[in-house]
Amino acid sequence: MRIIRFKQKNEAALAAVTDDDKIYQLPYTSLLEVVEVAKEKGLTPVSFINEHIQEQVPVDKKLEELQLLVPIEAPEVWASGVTYQKSKEARNYEATGGKLDATTFYDKVYDAERPEIFFKSTKERTIGQNDDLFLRSDSNWQIPEPELGLVLASDGEIIGYTIGNDMSCRDIEGENPLYLPQAKLWTRSCSIGPAIRLAETVENAYDLTITCRIYRNDKLEFEGSASTGQLKRKYDELVSFLLRDNTVFAGTVLLTGTCIVPPNEFTLADNDCVDIEISGIGVLSNPIKSQAPVKSGV
Ligand code: DO4
Ligand code: MG
């Protein structure tokens, strides 16, 4: 079962999507409310929704016809880095001015007990399905990072899984790792969606296929796939480091790192479209735009 938010008469509506793609509107505005009410009744979110689903209004539209919003207004988005071999190799390449098989401090963090975890985005900066992602105007080497996102309760419990795009500037990070926040965080540099798959309905979160497709002039420019089975760490391990001496707000999303990197000569361009698919969750689709608005705000 998946949870979506969509625009209806200019308001945000919440809905559950069953495994056979039937959509039922829920009388709540956020997944967190569902989790809380279910807990008060001693039920899991899925059993609570199933118990009441017949009383809910079915949505008489297909998923593709709805104007989807971010599935959760995550107060913060955090991200894990160098959790896959592929990311380690790409980081080494950009940090050494393009040496293949180089070894750097990224090898150290890949093997260390403490993972790399960094601040990625806020509610105001994070966008959803079909919204434009912006390119950074002072970078010439930008890529999407397709990642599985963990949707967390304030105690770190994984409530569900979503898809995230951790847009990144390889030239800025490669020039100096201290530039990481600038390589990762700007207006509209993070998207999540299109749905949240409730954790209790995921049999094995280490067996999900992630596929990234980048379209240019309506032609497929890049396609790559990988499995979450290649993750070097465990999800609970990443969450436990995020929780250390830190206040985690309910609905925080923790991205788990990229396992797909386009070829080194690739950079995103204006009007590209990035699709990220994760089995059982859906396809997160975002057009890429080179112009950030003059005014701040998303
Ligand atoms: O060290 C930089 C961040 C790497 C990252 O975002 C990733 O591995 O996904
Ligand atoms: Mg990343």
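The values are calculated or read from the model by the stated rules, or taken from the named source; none is laboratory data. Note that the structure is a prediction, hence the values are computed from the model and not measured. Because the Cβ atoms are built from the backbone with ideal geometry, glycine has one as well, and the counts that use them run over all protein chains shown. Heads up: the accessible areas ignore ligands, DNA and RNA and are worked out on the full protein's heavy atoms, side chains in. Shrake-Rupley method; radii C 1.70, N 1.55, O 1.52, S 1.80 Å.
Could you check Ser225 against (1) among the small types (Gly, Ala, Ser); (2) more than 16 Å from ligand 2 (Cβ to nearest atom); (3) in a loop (DSSP other than H, G, I, E, B) and say which number it fails?
Result: Ser225 fails condition (3) only.
Yes or no: the stretch 149-159 includes at least one residue that is touching a strand residue (DSSP E or B) at 6+ places or on another chain (Cβ under 6 Å) and assigned to a loop (DSSP other than H, G, I, E, B).
yes
Exactly one condition in (1) touching an Asp or Glu at 6+ places or on another chain (Cβ under 7 Å); (2) in a strand (DSSP E or B) is not met by Ser139; state its number.
(2)
Could you tell me which numbered condition Lys62 fails, if it satisfies all but one of (1) in the same structural domain as Ser121 (by TED's automatic domain parsing); (2) open to solvent by 90 Å² or more (accessible area, probe 1.4 Å); (3) in contact with an Asp or Glu (Cβ under 8 Å, 6 or more places away or on another chain)?
Result: Lys62 passes all but (1).
Can you run down the residue pairs with Cβ atoms below 6 Å, 6 or more apart or on separate chains, where the first is in the stretch 125-150 and over 20 Å from Arg170 (Cα atoms) and β-branched (Val, Ile, Thr) and the partner is surrounded by fewer than 24 Cβ atoms within 10 Å (Cβ to Cβ) and at pLDDT below 95?
Qualifying pairs under 6 Å: none.
Every residue in the stretch 147-173 that is polar (S, T, N, Q) and open to solvent by 20 Å² or more (accessible area, probe 1.4 Å), please.
Selection gives Ser154 alone.
Pairs only if they're at least six apart or on different chains, beta carbon under 6 angstrom, first in the stretch 205-220 and assigned to a loop (DSSP other than H, G, I, E, B), second surrounded by 18 or more Cβ atoms within 10 Å (Cβ to Cβ); list them, first residue then second.
Here the result reads Tyr206/Thr228; Leu208/Thr228; Leu208/Ile278, each pair linking the stretch 205-220 to a residue that is surrounded by 18 or more Cβ atoms within 10 Å (Cβ to Cβ).
Name the pairs whose Cβ atoms lie under 8 Å apart, with the first residue in the stretch 70-88 and closer than 19 Å to Leu133 by Cβ, the second more than 11 Å from ligand 1 (Cβ to nearest atom) and among the basic types (Lys, Arg), and 6 or more positions between them or separate chains?
Val70/Arg5; Pro71/Arg5; Ile72/Arg5; Glu73/Lys123; Ala74/Lys123; Glu76/Lys123
Can you go through Ala95, Ala102 and tell me which one is of a type in the set (A, V, I, L, M, F, W, C), away from ligand 2 (no atom under 16 Å from the Cβ) and either outside the structural domain of Cys169 (by TED's automatic domain parsing) or over 19 Å from the mean Cα position of the chain (by Cα) (or both)?
Ala102
Of (1) part of a strand (DSSP E or B); (2) in contact with a Leu (Cβ under 7 Å, 6 or more places away or on another chain); (3) not polar (S, T, N, Q), Gly280 satisfies all except one. Which?
Every listed condition holds for Gly280 apart from (1).
Filter the stretch 209-247 down to the residues that are hydrophobic (A, V, I, L, M, F, W, C) and in contact with a Phe, Trp or Tyr (Cβ under 8 Å, 6 or more places away or on another chain) and list them by number.
Cys212, Ile214, Phe222, Ala226, Leu231, Leu242
Could you say which residue among Asp218, Asp272 is of a type in the set (Asp, Glu), in the same structural domain as Arg91 (by TED's automatic domain parsing), more than 23 Å from Gly156 (Cα to Cα) and open to solvent by less than 10 Å² (accessible area, probe 1.4 Å)?
Step by step, each of Asp218, Asp272 is checked, and only Asp272 is of a type in the set (Asp, Glu), in the same structural domain as Arg91 (by TED's automatic domain parsing), more than 23 Å from Gly156 (Cα to Cα) and open to solvent by less than 10 Å² (accessible area, probe 1.4 Å).
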